[in-house]
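> I'd like to ask some things about the structure below.
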């Protein structure tokens, strides 16, 4: 007799098949939740990717644990396991299975309240949410999702399968590639910040470039990517940007670089591929970062960095009284060095 | 004969009655403005909460001053006064009286241009503004206000009396408690920033948790609160968040904690109750802050803080030339310490 | 016979006439692109404003170069030139010519999907985009552009010729002057962050002031300007604000001051005229900055600055290992100074 599972019930057999892992345990065991080892219940599926959490494995109540081959015996000693080469990747794919099954499917079609210019191209399978606006000449690729209240400017282009949450703005002539995810409040293609000083006031330099975003790019809520001054601002394939990030005009971000929230990148910075930028970091304009550079959170990049590696620059936090004394002394630091030098000369 | 006051005219008698204070002066005196002691006119009501401004009291032209009992005599010597235990709280309540009377009342009802799914629950007295979208299964509690262009995702829940300004996004399944205030551009429930690295690219970890926000929470313009990865992101009762703040996935913020603008809190940080975080501060992920911790503006919290108190870490600003010399020396600081040690050894 | 140029084709004669420069070369030569000297093609018009790029001049393929009188001979030696007193200003005006001719003109009129209160004043030549909302008593000046999904609150005022991109929020009673540019996602007039502490919780101080913005102000995407607590928040004429900036309640920004992205200005700060604030800088509340103060990127202003000049305060970035050693030593810096003093006393 067929067992009917509800949307949020998954059998271990089904999971193992979809993840391509080796199941040790009963394939018909059902789990209803993904969770960390600690706090897992007998209906939880968990994972062990970092060996430092191995001590939690034996004690975990999880119905099943995704593990690497090296952890197979330890995992099986306590219950079911799915063995895969990369359990963290397995976990990521497991969340994707979950999301696909438990979230309401998007329905294709243009909501009657949306305002879509007749010259826009809306491909097959596209969903345009209520009260979205799509202007003249814009193109939305197959299966893309345009959320409620989105604005797609004239001649802009959203690639196939890309999903825009509610309230995304894509300026005229800007391009987003395929399979992207753009969260609410994102502004793509506002003017870059460019002015010529003239007799104490600022004369606007019109920003004539666009924004070109590659495939598989994710952009977090309320992040801004400005259009270029003359040439384009470019975000290459696979880049991941978190929330509230500012990308200035004519920045180029190399493929598969990831930036955490609140980062600011000033105009014309060129950032390599596979870089990681921690939250709140600031990268000044016209700099170059090599591939595989890692910038620690809240650090300020004031010069180009041409060698891969991790770079940091943060004032260490301390109790306020200690900080006050050290900060005050810091303002005399150069003088202290001179005094130290003088002493060194005097001391044989 | 009844005196008719316009919306922005208040009699001292009325104010004293509503604030529960002791009026010394003519109850029918009318004020039309709240203002600081300095610059107050004879139609201004003012307040003295900080004794350091006492010198301004005698000279102030204010019609009436809210004061603590200890200031009663000094206040009365110059004109009318309302005596209350906590004059700053009195001032806050006075602004509330003013706002209630001078701002246009919100009208209950759903604007005909709003797009509300028939399966959404809209309670009594709710106001839904023009061009708002409320999706299937969402719930809006009694007397709540949903501003223009707001988006309430499927099965999301907005508590009774909560007010959303224009253009707020509440993602599917997210919950906001009662009596909250959410300003324009806020994004609640965008995906947390989670990816598994795989062969040089990033595999998305779907964010399966939600956002749960307690009662009496205020959230400033364009602030983002991400949904949790597996469990929920939690904002407890009475929390106050200013503008442009980023709250990562699975953060927990304890009750009555306040954060100023531009703060970034990385994923899975746990922040205690009654904390205060200054503007532009950054709190790294997976850290714990005890109750009643105060973080100074622009400081970076890189380790857990388990004791109440104030903590700071900011490079002191200086004229640029001095900063350059000190910053350059700072890059040799560890070496300077070694040289100092060597000298100490040599010096008897 | 009349030559018909397409929208993006400009003759040198036409450009020289419009910029008021002196053309040396064939007035009927056509250019189709503005670009830097390096990489310029024979259909590019370029400019030389900074003498340090003079070496690029001789080698450039550009059809024509905007230059200062002192560069005339060098420019003419290689091809056409337009000589003007300020070539960078000439470049700015050139981008304006380009934008005016190549971008689709805005059409006056109110889109039928916009929701405009009958008591709002919509002046001549105004364009109101699809799904915008304009509330009771609001005023929109001649020739202004209100983008899609904008919200103009009751009694708010948008000056003549001011352009709001899609999705701008202007709160009730707030004023923007003439010829402004406001980018998507900007929130003007959200509540300032004001609370009175009372028994461990926060009592709201209603924000009764407004926002007053002068003429010729540009505001970048997702920037927030809060309304004042009692008096107004004021942005004077000609101020330029980049993206994701936070301006707290009762801040005053002097005329022609410019701020780069991600700056935070806390409540009641008073900033002079002609200041420049670098990206990511933080200015604490209740401070004063004199006219013509320059704050370097990511610096934190913790005290008033009363003298013009450039000020900085940033921890220098370094490779992570070096930073860790120096940062750890920094926490002992005050003690190091004491040890140095002791040594100095001992050393004759």
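> How far, in nm to one decimal, is residue A:123 from itself in the other copies if the label point is set 7 angstrom along Cα toward Cβ? Shortest first, please.
The projected label point of residue A:123 is separated from its counterparts by 4.5, 4.5 nm.
> Still on this structure, I have one more. What is segment C:161-297 by shape, rounded, prolate or oblate, if you read a ≥ b ≥ c off the alpha carbon gyration tensor as root eigenvalues and call it rounded for a/c under 1.5, prolate for a/b larger than b/c, and oblate otherwise?
oblate
> Once you keep just the Cα pairs under 8 angstrom separated by 6 or more residues, what percentage relative contact order results for segment B:211-348?
13
> When a/c is below 1.5 the answer is rounded, else prolate if a/b is larger than b/c, else oblate, so apply that to segment A:10-102 with a ≥ b ≥ c taken from the square roots of the Cα gyration tensor eigenvalues.
Rounded.
> Still on this model: Tell me the distances, shortest first, between residue C:101 and the same position across the other copies, using label points 7 Å along Cα→Cβ, in nm to one decimal.
Output for residue C:101: 6.1, 6.2 nm, nearest copy listed first.
> Follow-up. Given a 10 angstrom Cα cut-off, can you work out which residue in A:322, A:62, A:92 is the most mobile in a GNM of chain A?
Maximum fluctuation in the GNM of chain A, among the listed residues, is at A:322.
> Regarding chain C, what is the average projected area of its C-alpha convex hull, in nm²?
Taking the Cα atoms of chain C, their convex hull projects to 28.2 nm² on average.
> Another one. Mean residue ellipticity at 222 nm from the helices of chain B, using -39,500 (n - 2.57) per DSSP H segment of n ≥ 4 over the full residue count, to the nearest 500 deg cm²/dmol? Display every interim value, and only then the final one.
Values: 6 runs with 60 residues, N = 348.
Estimated from H runs of four or more residues: -5000 deg cm²/dmol.
> Quick one: give the max-minus-min coordinate of the C-alpha atoms of the protein assembly as shown along each principal axis, largest first, in Å.
88, 87, 81
> Between residue C:73 and residue C:8, what FRET efficiency follows from the Cβ-Cβ distance if R0 is 41 Å, with the result rounded to 0.05?
Between residue C:73 and residue C:8 the formula returns 0.85.
> For residue A:319 and residue B:54, what is the calculated FRET efficiency with R₀ set at 41 Å and r taken between the beta-carbons, to the nearest 0.05?
In this case the efficiency is close to 0.80.
> Select from A:185, A:200, A:153 the residue whose mean-square fluctuation is largest in a Gaussian network model of chain A (Cα-Cα springs shorter than 10 Å).
Highest fluctuation among the options: A:200.
> Kindly work out what percent of the DSSP beta bridges joining two residues of chain B are antiparallel, to the nearest 5.
The answer is about 10 percent antiparallel.
> Continuing with this model, one more query. Considering just Cα atoms, how many Å³ per residue does the convex hull of segment A:250-295 enclose?
52
> Counting other beta carbons within 10 Å of each residue's own, what order do B:49, A:184 fall into, fewest first?
Starting with the residue having the fewest Cβ neighbours, the order is B:49, A:184.
> Taking the label point 7 Å from Cα in the Cβ direction, how far apart in nm is residue C:201 from each other copy of itself, listed shortest first?
Computed spacing set for this position: 5.1, 5.1 nm.
> Springs between alpha-carbon pairs under 10 angstrom, Gaussian network model over chain A: which of A:44, A:169, A:106 fluctuates most?
A:44
> Using the 10 angstrom Cβ neighbour count as an exposure proxy, how do B:175, B:183 rank, fewest first?
Ascending number of Cβ neighbours within 10 Å: B:175, B:183.
> Turning to a different aspect of this structure: Measure out, as a whole number of angstrom, how far apart the alpha-carbon centroids of segment C:37-100 and segment C:246-275 sit.
Answer, in whole Å: 35.
> Sticking with this structure for a sec: Taking the Cβ-Cβ separation of residue B:105 and residue A:119 as r and a Förster radius of 51 Å, what is the calculated FRET efficiency to the nearest 0.05?
0.70
> A further question on this structure: Express in nm, to one decimal, how much length is gained between residue C:304 and residue C:286 on full extension, taking 0.36 nm for each residue of separation and deducting their alpha carbon distance.
Computed gain between residue C:304 and residue C:286 is 5.6 nm.
> What percent does the relative contact order of chain B come to when contacts are Cα pairs within less than 8 Å and at least six residues apart?
Worked out over chain B, it gives 6 percent.
> On a full-extension model of 0.36 nm per residue, what is the gain between residue C:195 and residue C:341, subtracting their alpha-carbon distance, rounded to one decimal in nm?
47.9 nm
Quick note: the coordinates plus some simple rules give every number you see, no bench work behind them. If you're wondering where the values come from, they're calculated on a predicted model, not measured in any experiment. Neighbour counts are summed over all protein chains in view; Cβ atoms, including those assigned to glycine, are modelled from backbone coordinates with ideal geometry.
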